[in-house]
Amino acid sequence: MGQLISVVIDGLEVQVPPGTLVVDAAKKAGVDIPVFCYHPKMEPVGMCRMCLVEIGRPQMSRKTGELERNEDGSYVIQFAPKLETGCTVVVSEGMVVRGISDKVARARKDVIEFLLTSHPLDCPVCDKGGECPLQNLTMDFGSGESRFLYDEKIHFEKHYPLGELIFLDRERCIQCGRCVRFQDEIVDDAVIGFEQRGRSLRIVTYSEPGFDSYFSGNTTDICPVGALTTSDFRFGARPWEMKAVASICTHCPVGCNLTLNVRREHKTGGDFVVKRVLPRQNEAVNEIWICDKGRFAHHYTSSPDRLIQPLVKENGELTPATWDNALKIAASKLKEAGSDLLTLVSGRISNEDLFNLQALSKHLGGSSALLSEMAGGDLVAQVGVSQGTNLSDLGPESTILVVASDLEEEAPLYWLRVKQAAERGAKLIVANPRHTKTDRSASHVLRYPYGGEAALVIALTNALSKKRVELTDKFNQLGGSQEVKSAAKEIVEAENVLIFYGSEGTGFESSQQLAQACANLLISTGHIGKVNNGLIPVWPRGNTQGAWDMGFQPVPNLNEVLTTKQAIYIAAADPAGDNPKLAEAIQSAGFVLVQDIYLTETAKLADVVLPAKTFIEREGTFTNAERRVQRFYAGIPPRPQTRPDFAITAQISRLAGIDLEDRHPIRIMDQIAGQIPDYAEVSYGKISAVAEQWPIIGRSDLYYGGTSYENSQGLGYQVPPASQKGQPVSLSAVQPGDALPGEGDELTAYPITILYDRGQTVMTAELLHRRIPEPFIIIHPESVAHLGIKDGDRIHLHCLDFDYEVVARLDETIQEGVVLSPRSMGLPIREPMSVEIKLVEQVVT
C-alpha cells in the first residue's frame, strides 16, 4: 500500500493510499461528492461532470523546488482557476478539495439543468422513483424551474426491449455509459453500446438474442436513472413498499449474497411475494454483482406447482394425507428398515437439514449418500483455501489453475473474479479439452483429450519433480509439452496458487482422480495452509461442500446400491428425473420416502411425499466452495402445510425414537459445532458478524455504488482446512484411467454443464425460457458425416438401453468420436459412456 497521503476535503483531513481518486477519498472521509458516470468498480471517464470540485495543491518554490509552507507549518495552497472532475483526479500530498463552495454549487446546478433538458418528468410513475440518484440530486442541487421549452424536448422509445430480460426507456437515459462500460470492462461481454451522436445518442444491443449476457441484470442496479429495468420488476412495486431480507443464492457453489425485496401483492390475494432479487455486498464472495440465473430463477419458489400437502400412496396412487398419518407411516417404515435404509440427499438443502438427516440415518443404523458426480469434498477439508482467502487480493504474485471447468457456465461469479485477478496480473492457466471463455484471460492454455484431466495435472506435477508418476501411453504426450512445462514453472514460482477443478467430462471416479491429482500438486509445491492458496471445487449445487462436511459422500454404482435397500429416504434430490435406470432401481425398494418442493419424477415413485419449504421461506446456512458458512433468512411466510427439511426429519425421528431439534436452526448449528470438529468455531454469531468493506456501498447515496445493498446481516465464517490448522496432510497415489473417445464409429459421451439447464428450479422460471435450449448434444461433423447429419438436425441418441430425441450441434473444435451432453437436460449422461446416434429428421431452412 505504501505511505498514506494526507488530504483535506471540505475541512476534514483524511489519509488515503497513493493512487486514490478524489471522489473515493471523499467517501472515506464521509463527504459526498455526487456522481453519475463514475462507479468505484470501473475506470473513471469524467463524462457527466457532476463531480466537479475546486482543487488546491501545495505551491512549489521555483528557487528550492520544495513545497512552500506558511508560518504555522501548513502548506501554501494554490487553487486551479477552473473546476476539476473529482472522479479523474488522483490525490496528492497536501491537496485541499472544496466541494461545498458557491462555485461548485453553480456547476452542479448547471449539470442537473442540462441533464433535465430532455429527461421526462415522470418521477411519479418511474420504476426508479424512491431510489433514483437523479431525482435525489435534483432535489439537492437542481433549480426550481427550467429555462428550456417543453416543446423542444427530444422524445425516444419508452419501452424498448434490449432483450427479454432488460427493458430500456431511451428518454430517461442520461448517457452516463455505466451499463456499456460494465459490459465491456467488468464482464467482457460488449453486447450493448452507443449509437448516433449528441442528443441523438442511444444505447443499442449488438447480440442475438438481445442483450445476451449472463450478467445483464447488474446494469439495472448501477443505472443512475430509470432507463434500465428488469422485465419481472418493471411497473411492479415502489422501493419504499418493499421489505429487504438477506439471503444466499443456491444455484452454484459461489454462495452469492442476495437481498430479497418482498411485499404483499393484491394479485396473489394479499400474500407476500418476492418482487426482485438484488446483490448484497460481500467483497470476499460476489462483491456487488450476481448473475442473471441468481437474479431471475427465484420464481420457482412461487410456482403454482409447488407441493403443499403430504401425499401417501394408496392402491398405487398418491393421495392427500394428514401430516400425522404421513409421518407415522414414514417413521414406521424407516425404523423397520434399520440398516437397510439409505438416505439420499443433494447439495440443495441447508447444513441444518443435512445434519438432522445424517443423525436419523446413523441412529437407525442406515447408510447415507450424496447425489453428485463430483468428488473431493474430503480433500477440500484438508487442502482447501485457507481462512482469509479473497480472490480480490490476487495479483502478480499469484497463479490460478482452472482445470476441467467451463467456469462461466458452472459458476459465473468465479469466472468473473478469476478474470479480474488475471487483469490485475495474476497468471491464469486454463486446462480443458475445448475452448471456453476463460481462455481469453489465460497466460497458458493446456489441451488434453477427454478423460485426461487427472493425467494433465499429474504431468504438471511430474514437470516439477524427479520422482514421477508414470502415465499411460495415451497420455504420455502431455508430459513432453513445452506449454505444460512453462505452466508448471509458473505454479512452482508463484507465492500463491489456487486450483479450481470442475466436472467437465467427468464422472465420480474420474473426478476423484482429478481432485487427488490437484491436491497432490498443491502439497508437492507447498501451496497449502496459507491465505490465498488451496483447492476450490466448482460444485454443481450451492451446498454440496456442506453435504460433504455433514458426512454425506457420493457412492459409486448408485444404481446397484439402491436395488439392495429396503427403504430409501430422498431429500431435495431427483435421481429419477434424468436417469431411467435409477428410476427402476428406486422402484425396486420396499419403501420410498421423498421430501421436496415439487412432485418430481422421483416423488411420483414414492410411497410417502412430504412438502418442504424453499430457502426464501425459512432460515439456515450454506457452505460455499471456499467453506464459507453463510446465513440466509426467511423472506416470506411459507406455503400452507409446508415445513423446513430439518423439522420434517426431526418429527420423523421423534416417532422413531430419537430427539432432534425441529424448531430453531440456531440450536442445530450449536449441535453441529459440538459434534463436527471442523465446525467447532462456527456459530450464528460469527456468521452474522460484519466489517467495513470497500467500496462503501449504501442505500443513502445510491449515485455512488448503485442499488446494491450494504451487508448488515453477516459476511459468513470461513472454516479453515486441516493444513492451515497444522494437521498433517499427505500425498496419495493417482492412476488416471483410459477413458478416451472410441475408435471408428464408436462414440463416447461426456457430461458438461451449462448455466441455463432444464432442471426443476430453472424450468419453472418462465422468464428464462427463451434462454433455455431444448435438449442437445455437441459433436464433431466428421463423427456423423457418414449419417448425413447437419447442424440443427434432430437425432436419436441411444444410451442405457433408451432412445432420446435431441438436436445435434456440430462443432469442428472438439475431438472426433466425442459427444458432449449437458447435464440436467433430460438425458442420463452423468459420466462418460458409450452412445449411438441415428438421424430422425433434418431441419428445413
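The values are calculated or read from the model by the stated rules, or taken from the named source; none is laboratory data. Bear in mind the structure is a predicted one, so any value in this text is a computation, not a measurement. So basically every Cβ, Gly included, is an ideal-geometry build from the backbone, and we count neighbours across all protein chains shown. Surface accessibility is based on the protein's heavy atoms, side chains included, excluding ligands, DNA and RNA. Shrake-Rupley method; radii C 1.70, N 1.55, O 1.52, S 1.80 Å.
Restricting to region 561-580, give me the number of residues that are among the charged types (D, E, K, R) and modelled with pLDDT under 95.
1
Being among the aliphatic types (A, V, I, L, M) and assigned to a loop (DSSP other than H, G, I, E, B) is the filter here; which residues of region 686-729 pass it?
Hits for region 686-729 are Ala689, Val690, Ala691, Ile696, Ile697, Leu715, Val719, Ala722, Val729.
Those residues that are part of a helix (DSSP H, G or I), within 30 Å of Ile778 (Cα to Cα) and modelled with pLDDT under 95, I need them from region 460-481; list them, please.
Asp473, Lys474, Phe475, Asn476, Gln477, Leu478, Gly479
One residue is enough: does region 692-703 have a residue meeting the conditions within 24 Å of the chain's Cα centre (by Cα), on the phi < 0 side of the Ramachandran plot and surrounded by fewer than 13 Cβ atoms within 10 Å (Cβ to Cβ)?
Scanning region 692-703, I find at least one residue that is within 24 Å of the chain's Cα centre (by Cα), on the phi < 0 side of the Ramachandran plot and surrounded by fewer than 13 Cβ atoms within 10 Å (Cβ to Cβ), so the answer is yes.
Report yes if Glu195 is surrounded by fewer than 18 Cβ atoms within 10 Å (Cβ to Cβ), under 30 Å from Gly270 (Cα atoms) and without any contact (Cβ under 8 Å) to a residue 60 or more places away in the chain, otherwise no.
When the stated conditions are applied, Glu195 does not pass them.
Consider Ala625 carefully, then state whether it is more than 22 Å from Lys335 (Cα to Cα), of a type outside the set (S, T, N, Q) and open to solvent by less than 10 Å² (accessible area, probe 1.4 Å).
Spelling it out, Ala625 is indeed more than 22 Å from Lys335 (Cα to Cα), of a type outside the set (S, T, N, Q) and open to solvent by less than 10 Å² (accessible area, probe 1.4 Å).
Can you give me the number of residues within region 359-407 that are at positive phi and open to solvent by 10 Å² or more (accessible area, probe 1.4 Å)?
Looking only at that region, the number is 2.
Residue check: is Glu490 closer than 18 Å to Val418 by Cβ and either of a type in the set (Asp, Glu) or not in a helix (DSSP H, G or I) (or both)?
Judged against the criteria, Glu490 is a match.
Within region 772-779, is there a residue that is in contact with an Asp or Glu (Cβ under 7 Å, 6 or more places away or on another chain) and of a type outside the set (Val, Ile, Thr)?
Among the residues of region 772-779, not one is in contact with an Asp or Glu (Cβ under 7 Å, 6 or more places away or on another chain) and of a type outside the set (Val, Ile, Thr), which makes the answer no.
Going by what's in this entry, would Lys293 be described as surrounded by fewer than 22 Cβ atoms within 10 Å (Cβ to Cβ) and either modelled with pLDDT of 95 or more or not in a loop (DSSP other than H, G, I, E, B) (or both)?
no
Looking at region 474-513, which of its residues are touching a Cys at 6+ places or on another chain (Cβ under 7 Å) and among the aliphatic types (A, V, I, L, M)?
The answer is Ile499, and nothing else.
Pairs only if they're at least six apart or on different chains, beta carbon under 7 angstrom, first in region 486-504 and closer than 19 Å to Gly452 by Cβ, second among the hydrophobic types (A, V, I, L, M, F, W, C) and at pLDDT below 95; list them, first residue then second.
Final answer for the pair search is Ala488/Ala463; Ala488/Leu464.
Give me the residue from region 313-349 that is within 30 Å of Ala765 (Cβ to Cβ) and β-branched (Val, Ile, Thr) and, out of that set, most open to solvent (accessible area, probe 1.4 Å).
In this case the residue turns out to be Thr319.
Kindly indicate the residue of region 482-502 that is open to solvent by less than 10 Å² (accessible area, probe 1.4 Å) and of a type outside the set (A, V, I, L, M) and also farthest from Ser443 (Cα to Cα) among those meeting that condition.
Filtering first and then ranking leaves Gly502.
Tell me, which residue of region 148-189 that is over 22 Å from Lys128 (Cα atoms) and part of a loop (DSSP other than H, G, I, E, B) is least open to solvent (accessible area, probe 1.4 Å)?
Ranking the qualifying residues of region 148-189, first place goes to Val187.
Quick one: how many residues across region 1-24 are buried (at least 24 other Cβ atoms within 10 Å of the Cβ) and among the polar types (S, T, N, Q)?
0
Against the definition (touching a residue at least 24 places away in the same chain (Cβ under 8 Å), part of a strand (DSSP E or B), open to solvent by 10 Å² or more (accessible area, probe 1.4 Å) and over 30 Å from Thr506 (Cβ atoms)), how does Arg631 come out, yes or no?
It is true that Arg631 is touching a residue at least 24 places away in the same chain (Cβ under 8 Å), part of a strand (DSSP E or B), open to solvent by 10 Å² or more (accessible area, probe 1.4 Å) and over 30 Å from Thr506 (Cβ atoms).
In region 236-254, which residues are in contact with a strand residue (DSSP E or B) (Cβ under 8 Å, 6 or more places away or on another chain) and part of a loop (DSSP other than H, G, I, E, B)?
Gly236, Ala237, Met242, Cys249, Thr250, Pro253
Can you tell which of Gly551, Gly542, Gly546 is open to solvent by 20 Å² or more (accessible area, probe 1.4 Å), among the small types (Gly, Ala, Ser) and modelled with pLDDT of 95 or more?
Sole residue among the options that is open to solvent by 20 Å² or more (accessible area, probe 1.4 Å), among the small types (Gly, Ala, Ser) and modelled with pLDDT of 95 or more: Gly551.
Of everything in region 160-201, what is more than 26 Å from Asp232 (Cβ to Cβ) and among the hydrophobic types (A, V, I, L, M, F, W, C)? Give them in sequence order.
Within region 160-201, Phe194, Leu201 qualify.
I'm checking my understanding of the structure. Among residues of region 32-83 that are in contact with an Asp or Glu (Cβ under 8 Å, 6 or more places away or on another chain), in contact (Cβ under 8 Å) with a residue 24 or more places away in the chain and assigned to a loop (DSSP other than H, G, I, E, B), which one is most open to solvent (accessible area, probe 1.4 Å)?
Glu43
Given the condition touching a Lys or Arg at 6+ places or on another chain (Cβ under 6 Å) and within 17 Å of Ser350 (Cα to Cα), answer yes or no: does some residue in region 662-684 qualify?
Scanning region 662-684, I find no residue that is touching a Lys or Arg at 6+ places or on another chain (Cβ under 6 Å) and within 17 Å of Ser350 (Cα to Cα), so the answer is no.
Which members of region 108-136 meet the condition of being closer than 14 Å to Arg238 by Cβ, open to solvent by less than 20 Å² (accessible area, probe 1.4 Å) and of a type outside the set (Lys, Arg)?
Of everything in region 108-136, those that are closer than 14 Å to Arg238 by Cβ, open to solvent by less than 20 Å² (accessible area, probe 1.4 Å) and of a type outside the set (Lys, Arg) turn out to be Cys126, Asp127, Gly129, Glu131, Cys132.
Which one of Ile203, Ile222 is without any contact (Cβ under 8 Å) to a residue 60 or more places away in the chain and touching a helix residue (DSSP H, G or I) at 6+ places or on another chain (Cβ under 9 Å)?
Sole residue among the options that is without any contact (Cβ under 8 Å) to a residue 60 or more places away in the chain and touching a helix residue (DSSP H, G or I) at 6+ places or on another chain (Cβ under 9 Å): Ile203.
If you go through region 800-820 one residue at a time, do you hit one that is on the phi > 0 side of the Ramachandran plot and of a type in the set (Asp, Glu)?
Yes, region 800-820 contains at least one residue that is on the phi > 0 side of the Ramachandran plot and of a type in the set (Asp, Glu).
Can you tell me which residue within region 216-227, out of those that are open to solvent by less than 10 Å² (accessible area, probe 1.4 Å) and in contact with a strand residue (DSSP E or B) (Cβ under 8 Å, 6 or more places away or on another chain), is nearest to Cys123 (Cα to Cα)?
Ala227
Evaluate the following for Lys27: is it closer than 16 Å to Asp701 by Cβ, touching a residue at least 24 places away in the same chain (Cβ under 8 Å) and surrounded by 14 or more Cβ atoms within 10 Å (Cβ to Cβ)?
Taking the combined requirement at face value, the residue satisfies it.
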